[in-house]
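Here, each number is a calculation from the coordinates, and none is a lab measurement. As the structure is a computational prediction, the values presented were derived from the model and not from experiment. Cβ coordinates were reconstructed from backbone atoms using ideal geometry, including for glycine residues, and neighbour counts include every protein chain displayed.
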Amino acid sequence: MNTIIKKTTENDAFQVASEILQKGGLVAFPTETVYGLGGNALDPSASERIYKAKGRPSDNPLIVHIADKADVAQLAAEIPPIAERLMDRFWPGPMTIIFKKKDIVPKETTGGLDTVAIRMPSHPDAARLIRESGVYIAAPSANASGRPSPSTAAHVAEDLTGRIDMILDGGPVDIGIESSIIDVTGEVPVILRPGFITKKDFEEIVGKVTIDPAIMKPDPNLRPKAPGMKYTHYAPKGSLTIIEDELSPQLVTGNVISTINRLITDAAAEGKKAAVLTTAENRRHYHAENIILLGETASGEEVAKHLYSALRECDEIGAEVIYSESFSRGELGGAIMNRLLKAAGQKVIFV
Ligand code: AMP
Ligand code: MG
C-alpha cells in the first residue's frame, strides 16, 4: 500500500484525508497528546484494519474521537452527571472518558467490551478532520504495537509506512504522552491511565477519584481495567533501567549520578553501547558518550514532551543498555513514571 503523506497546510490535505476515512481507510493525524491512527469508529472493518496495521491485539480497545460534546449522546448509553462536569471542564482536551456504549458502536472498536472510550481533542487539525469527514474517528496511538507512541509525523512514518493510507503531518505534538483515561460507569470515578490531567485536577471538579490499583505497581494478581495497560509498551530495543534514590526519589542525588557513571563504565568494559537519559541541567555530571536529553529541566511538561522521541533515539543510536534518572517530580510525575517504568520493564535500581 502506498502511504500518502501531506502537511496539514496543503490545500487538499483534509479533503483527501476525509475521503479516505469515509471509504473505510486509515489516516494518521496529530492530536495534542500523540499522533492517532484513525478509522471510522462505526465501521467494524475499519477498526479491524487499525489492529492489523499496528499489529495490536484485538482485545485492546480504541478511543473514539469526536468534535462536539453533543456527539457523546450518539455513542454513550448513559451520561452520568459527573461526566457532564468533566466534559465541561476538560473538553476539548487530553481526557478520555469511559461510558456504557450504545449498540451503534461495534464491538470491534471496543475490543469486545460493553463500554466505549470517548475523547474530544483540542488540536485544531484533529477537530477539523473529524468535522470535515463527518466521521467519528476511532484512534489509538499511531505507532506499531509495543513501540513508543509517536510525537511527530516522522515517528508515524517510521512505524506505519506502507501499512496505512495516509499521514497528515501537523508538526510535533504539544503534550507528548497519551490522554488521561477516567471511567465514570461506577459510583466513584476511576483513573485507568494517568496523563496530563491529574488526579488532583479531577478531584477539584468531581470530588473523590480513585486510581486503578493495577496500573502503578504491577501485580500479577491485579488486572488493569484499561486493557492496554497490561501490555509491555513504549519499550526501546535496548535494556532500560531507572536509577532512583530511595531516600529522595524526587531528586537526582550524588548517589544516583555515581551509580549511573559506574554502570556506564561497566558497560564500556563489556563492550556494550550505553546511553543515559537525563536533562540539560544535569548532563555535565555524566561521562557517557551518548547522552539523550528529555528537555532543559526535569519539569513534567518538558519531560512528557520529549519522552517518546528520546526512547526512539535510543534505538536510532543502537543503545544496548540505557540508564535513566527517575522523573517522579511534580504533578505530572505519576504519568511520566507510569510510561518510563513500562519502557524499563519495571527495572529500577534503588540506591
Ligand atoms: P492508545 O490510544 O493506543 O493508548 O489506546 C487506547 C487505550 O484506551 C487502550 O490502551 C485501552 O486500554 C484504553 N481503552 C479504550 N477503550 C476502553 C474501554 N472501553 N475501557 C477501558 N479502557 C479502554
Ligand atoms: Mg498506544
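Could you give the length gained by full extension between Lys7 and Glu331, i.e. 0.36 nm per residue of separation minus their alpha carbon distance, to one decimal place? Present the calculation step by step, with values, prior to reporting the outcome.
Details: separation 324, 0.36 × 324 = 116.64 nm, distance 3.38 nm.
Computed gain between Lys7 and Glu331 is 113.3 nm.
What order, most packed first, do the peptides 82-89, 103-110 have when packing is the mean number of other Cβ atoms within 10 Å of each residue? Intermediate results must be reported in sequence, preceding the final value.
Values: 82-89: 16.8, 103-110: 18.9.
Highest-to-lowest ranking by the protection proxy: 103-110, 82-89.
By how many nm would the segment from Arg262 to Lys100 lengthen if fully extended, with 0.36 nm per residue of separation less the alpha-carbon distance? If you can, show how the numbers build up before the last one.
Numbers: separation 162, 0.36 × 162 = 58.32 nm, distance 5.19 nm.
Length gained, Arg262 through Lys100: 53.1 nm.
How big is the antiparallel share of DSSP beta bridges in the chain, given as a percent to the nearest 5? Don't skip to the end; give the middle numbers.
Details: 17 of 48 bridges.
Close to 35 percent.
Assuming 0.36 nm per residue, please report the length gained on full extension of the stretch Asp201 to Val16 beyond their Cα-Cα distance. Mind dumping the intermediate values first?
Details: separation 185, 0.36 × 185 = 66.60 nm, distance 3.82 nm.
That works out to 62.8 nm of additional length.
Only helical DSSP H runs with n ≥ 4 go in: add -39500 (n - 2.57) per run for the chain, normalise by residue count and round the 222 nm mean residue ellipticity to 500 deg cm²/dmol. Each step should come with its number before you reach the end.
Working: 11 runs with 109 residues, N = 351.
It lands at -9000 deg cm²/dmol.
I want to verify a result. In a Gaussian network model of the chain, Cα cutoff 10 Å, which of these has the top mean-square fluctuation: Lys101, Lys272, Lys54?
Among Lys101, Lys272, Lys54, the largest GNM mean-square fluctuation belongs to Lys272.
How big is the antiparallel share of DSSP beta bridges in region 1-125, given as a percent to the nearest 5?
Working: 9 of 12 bridges.
The antiparallel proportion sits near 75 percent.
Could you compute how fast the chain diffuses translationally, taking Rh as the Kirkwood radius over C-alpha pairs and applying Stokes-Einstein at 20 °C with viscosity 1.002 mPa s? Give it in µm² per second. Each step should come with its number before you reach the end.
Values: Rh = 20.7 Å.
Reported coefficient: 104 µm²/s.
With +1 on each Lys and Arg Cβ and -1 on each Asp and Glu Cβ, how big is the dipole of the chain about its Cα centre, in debye rounded to the nearest 20?
Details: 39 positive and 46 negative charges, 124 e Å.
So the magnitude is around 600 debye.
Suppose R0 equals 41 Å. What FRET efficiency, 1/(1 + (r/R0)^6) with r the Cβ-Cβ distance, do Leu251 and Asp114 give to the nearest 0.05?
On the way: r = 45 Å, r/R0 = 1.10.
My answer for the efficiency is 0.35.
At Arg283 and Asp315, where each label point lies 7 Å from the Cα along Cα→Cβ, what is the point-to-point distance in nanometres?
Calculated label separation equals 2.3 nm.
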